[in-house]
Amino acid sequence: MTQYIKGTDISISERYRLALLDLDGVVYRGKNPVEYASESIRQAQSAGMLMEYTTNNSSRFQAVVAEQLRGFGLDVEPWQVITSSVVAARMVAHHVPAGAKVLAVGAPHLREEVTRAGLTLVDRVEDEPAAVIQGWYPEITWNELASAAFAAQRGALYLVTNRDLTIPRELGIAPGCGSLVNAVIEAVGHQPAGSAGKPESAMYDEARQLVADSLAETSGERVEPVAKDQCLAIGDRLDTDIEAGNRGGYDSLVVLTGVSKPNEIVLADPVLRPTFIAKDLRGLNEPHPQVLQQDDGSWVCRDAVAHVVDGVLQVRENGDADAALSSLDALRAACCAVWQVLDSGVEPDALTIPEFHI
């Protein structure tokens, strides 16, 4: 029988060793902490869970992000913050010789990470870089984009920090790194060799290695990266955080404190489906109930039951349909019921799904 949403009899912080935490919408919203996040993270750490904070943002220095998190009462070192600039520089270092020339089009943070990765930072295409990394920052210029295109056209390995098409700003939604990457692609005529940001899984892979490196430095002995089945990707977006987990073979937890809404999760494509669902990060320190299929085809999660009948999702908790629409257990059961129907070939538009409000 297919298993969709997983359950665990012990808390997630006891079940998994390393949390790969997204930031915006999970730990903070801009300058403000997300409710329950800090205390939940501290409690999980007390249970032995390691924390690594992951973000597609390529312009903010790790130390700046770490300082913000410390302001929320969290014990965070800069190395625990892994940005797409950190990952991009490490990715390039895996593909070119030590000390190779790299053109970095992006924020000072990206340039610093290139140097930290043991590579030689250059500023001109005429320096014949072996690789070019395209990032994003507010002051980026046409000349910098043109330089990235010229270097890629000359055969430099072309990587990007992330492919997010948009970025939220104070006045609205603005073009993100991915929009500028598309402009360079049009000039170059081919896709980048890779992207450091989610939904690619490289960020999670590098995070595991960074944790191992830090533990080895402390102990003075070689430390293997935490096994994938002991790592949990945590985020608020299905199309970045959760998809990256699925692509990389990581279990995942989606929280309802940011972008993704319950009905979006119910109708998610397979690559976007989380392993666990929680209202907020308090879910780190709680057991998660099993969702089991019954002989009649319905799915049960404790007192909640979900069944798709003639294309209509029916949910009840203790027999109450209205109460079910605000129940996390009913949402878990609903996901299993609907995912099974979708996997049988039924189109999402053919289903009637009531509106959850959790």
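The number of residues in region 22-36 being more than 26 Å from L267 (Cβ to Cβ) and surrounded by fewer than 23 Cβ atoms within 10 Å (Cβ to Cβ) comes to 7.
If you go through region 342-357 and pick out every residue that is open to solvent by less than 60 Å² (accessible area, probe 1.4 Å), within 16 Å of H307 (Cβ to Cβ) and outside any loop (DSSP other than H, G, I, E, B), you end up with 1.
Of the residues making up region 7-21, those that are under 19 Å from E52 (Cβ atoms) and open to solvent by 20 Å² or more (accessible area, probe 1.4 Å) number 3.
Take the residues in region 324-358 that are of a type outside the set (A, V, I, L, M) and in contact with a Ser or Thr (Cβ under 8 Å, 6 or more places away or on another chain); name whichever of them is nearest to W299 (Cα to Cα). Ranking the candidates gives Q340 first. Checked against the criterion of being under 16 Å from W339 (Cα atoms) and open to solvent by 60 Å² or more (accessible area, probe 1.4 Å), region 232-240 has no qualifying residue. Just to verify a result, which residue in region 37-58, among those that are in contact with a Phe, Trp or Tyr (Cβ under 9 Å, 6 or more places away or on another chain), assigned to a loop (DSSP other than H, G, I, E, B) and within 20 Å of I242 (Cβ to Cβ), is least open to solvent (accessible area, probe 1.4 Å)? Result: M49. Say whether the condition of being β-branched (V, I, T), closer than 20 Å to K6 by Cα and touching a Gly at 6+ places or on another chain (Cβ under 7 Å) is met by at least one residue in region 225-243. There is at least one residue in region 225-243 that is β-branched (V, I, T), closer than 20 Å to K6 by Cα and touching a Gly at 6+ places or on another chain (Cβ under 7 Å).
Taking (1) of a type outside the set (S, T, N, Q); (2) surrounded by 16 or more Cβ atoms within 10 Å (Cβ to Cβ); (3) not in a strand (DSSP E or B) in turn, A216 satisfies each apart from (2). If you go through region 241-266 and keep only what is touching a strand residue (DSSP E or B) at 6+ places or on another chain (Cβ under 7 Å) and aliphatic (A, V, I, L, M), you end up with I242, A244, L253, V254, V255, I265. Only one of the numbered conditions (1) in contact with a Gly (Cβ under 7 Å, 6 or more places away or on another chain); (2) part of a helix (DSSP H, G or I); (3) surrounded by fewer than 22 Cβ atoms within 10 Å (Cβ to Cβ); (4) not aliphatic (A, V, I, L, M) is not met by G99, and that is (2).
When region 59-74 is examined, which residues are found to be assigned to a helix (DSSP H, G or I) and open to solvent by 60 Å² or more (accessible area, probe 1.4 Å)? Within region 59-74, V64, E67, R70, G71 qualify.
Among the residues that make up region 278-290, is at least one of them in a helix (DSSP H, G or I), free of Cβ contacts under 8 Å to residues at least 24 places away in the same chain and surrounded by fewer than 23 Cβ atoms within 10 Å (Cβ to Cβ)?
no
One residue stands out among those in region 292-307 that are touching a Cys at 6+ places or on another chain (Cβ under 9 Å) and open to solvent by less than 10 Å² (accessible area, probe 1.4 Å): the one that is farthest from A47 (Cα to Cα), which is A306.
So which residues in region 183-205 are out of contact with any His (no Cβ under 9 Å at 6 or more places or on another chain) and part of a loop (DSSP other than H, G, I, E, B)?
Residues satisfying the conditions are G189, H190, Q191, P192, A196, G197, K198, P199, E200, S201.
Considering only residues in region 144-177 that are small (G, A, S) and within 25 Å of the chain's Cα centre (by Cα), the one that is least open to solvent (accessible area, probe 1.4 Å) turns out to be G176. Within region 178-191, the only residue that satisfies the criterion of being open to solvent by less than 20 Å² (accessible area, probe 1.4 Å) and in contact with a helix residue (DSSP H, G or I) (Cβ under 8 Å, 6 or more places away or on another chain) is V184.
Residues that are part of a helix (DSSP H, G or I), of a type in the set (S, T, N, Q) and under 29 Å from D241 (Cβ atoms) are absent from region 145-161.
Take the residues in region 105-139 that are of a type in the set (S, T, Y) and either modelled with pLDDT under 95 or closer than 20 Å to R154 by Cα (or both), then tell me which one is least open to solvent (accessible area, probe 1.4 Å). Taking the candidates together, the pick is Y137.
Filter region 324-341 for residues that are aliphatic (A, V, I, L, M) and open to solvent by 20 Å² or more (accessible area, probe 1.4 Å) and give the result.
Hits for region 324-341 are L325, L328, V341.
Figure legend. Inter-residue proximity from region 201-222: first residues in contact (Cβ under 8 Å) with a residue 24 or more places away in the chain and farther than 13 Å from Q80 by Cβ, second residues assigned to a helix (DSSP H, G or I) and among the aromatic types (F, W, Y), beta-carbon distance below 9 Å, spacing 6+ or different chains. No pairs are indicated.
The values are calculated or read from the model by the stated rules, or taken from the named source; none is laboratory data. All figures in this text were calculated on a predicted structure; none of them were measured in a lab. Please note: Cβ atoms are built from the backbone with ideal geometry, for glycine as well, and neighbour counts cover all protein chains shown. Please note that ligands, DNA and RNA were not included when accessible areas were found on the heavy atoms of the full protein model with its side chains. Shrake-Rupley method; radii C 1.70, N 1.55, O 1.52, S 1.80 Å.
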